[in-house]
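Okay, structure first, notes after.
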């Protein structure tokens, strides 16, 4: 009789333990599913942000340079007979990397920091006696304000120069550098990503 009661007690105990184990397993499965759903939502959100980021980058690369020139831009220019020393002072004073060389209203050349280093200092020329027309880059490449940011980036990359005049109807509107183009793209993309993050963080 006692043995029968013992067996029944053990059977009931095992039954409760089995139910408890099943309940614990169900809770673990439910917790796993909840975590998987959260991770999936986060992944979808990140993919969406990356998609929008690259789409906006493509759109920004196709934007015209005129978009960058909305604010007034100062063009620093010199005459062909200007001395290299004077050009260097203008660049140093205004913290710029180049000056355009103008003959009247016509663009005839550009003088850059690289020209000063390679064509003047490395060549042993006296900057106080050398005219910029002797060492400038003649007939420089230039683009119109209708050219896209991507086209400008491709040009400076392929030709390996850092400064690109923007000319319209023979008038120099600005000189942009590869750094200006990169900075504009990065700054705009950073703002776009921040907007998306802000939206995603809203309750």
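The values are calculated or read from the model by the stated rules, or taken from the named source; none is laboratory data. Keep in mind it's a predicted model, so treat the numbers as computed, not measured. Please note: Cβ atoms are built from the backbone with ideal geometry, for glycine as well, and neighbour counts cover all protein chains shown.
Keeping to region 66-106, report how many residues are in a helix (DSSP H, G or I), in contact with a helix residue (DSSP H, G or I) (Cβ under 6 Å, 6 or more places away or on another chain) and at pLDDT below 95.
Going through region 66-106 one residue at a time, the tally reaches 1.
Kindly indicate whether residue 25 is more than 30 Å from residue 174 (Cα to Cα), modelled with pLDDT under 75 and in a helix (DSSP H, G or I). Steps first, answer last, please.
On the way: more than 30 Å from residue 174 (Cα to Cα): yes; modelled with pLDDT under 75: yes; in a helix (DSSP H, G or I): yes.
Yes, satisfied.
Looking only at region 97-115, count how many residues are out of contact with any strand residue (DSSP E or B) (no Cβ under 8 Å at 6 or more places or on another chain) and crowded, with 16+ Cβ neighbours inside 10 Å. Give the steps one after another, and end with the answer.
Let us first name the residues in region 97-115 that are out of contact with any strand residue (DSSP E or B) (no Cβ under 8 Å at 6 or more places or on another chain), namely 103-104, 106, 114.
Adding the requirement that they be crowded, with 16+ Cβ neighbours inside 10 Å leaves none.
Number satisfying all stated conditions: 0.
Among the residues of region 36-53, is any within 26 Å of residue 170 (Cα to Cα) and either modelled with pLDDT of 95 or more or exposed (fewer than 15 other Cβ atoms within 10 Å of the Cβ) (or both)? Please lay out each step first, then the result.
So the first thing to find is which residues in region 36-53 are within 26 Å of residue 170 (Cα to Cα), and the list is none.
No, every residue in region 36-53 fails to be within 26 Å of residue 170 (Cα to Cα) and either modelled with pLDDT of 95 or more or exposed (fewer than 15 other Cβ atoms within 10 Å of the Cβ) (or both).
Tell me which residues, restricted to region 116-143, are touching a strand residue (DSSP E or B) at 6+ places or on another chain (Cβ under 9 Å) and either assigned to a loop (DSSP other than H, G, I, E, B) or under 10 Å from residue 82 (Cα atoms) (or both).
127, 128, 129, 130, 131, 132, 133, 136, 139, 140, 141, 142
Surrounded by 14 or more Cβ atoms within 10 Å (Cβ to Cβ), free of Cβ contacts under 8 Å to residues at least 60 places away in the same chain and within 24 Å of residue 184 (Cα to Cα): which single residue out of 164, 83, 65 fits that description?
The conditions single out 164.
Check residue 60 against each of (1) within 24 Å of residue 185 (Cβ to Cβ); (2) modelled with pLDDT of 90 or more and name the one condition it does not meet.
Here residue 60 meets the rest and fails (2).
So, in region 160-186, how many residues would count as being over 20 Å from residue 62 (Cβ atoms) and either outside the structural domain of residue 106 (by TED's automatic domain parsing) or outside any strand (DSSP E or B) (or both)?
Of the residues in region 160-186, 6 are over 20 Å from residue 62 (Cβ atoms) and either outside the structural domain of residue 106 (by TED's automatic domain parsing) or outside any strand (DSSP E or B) (or both).
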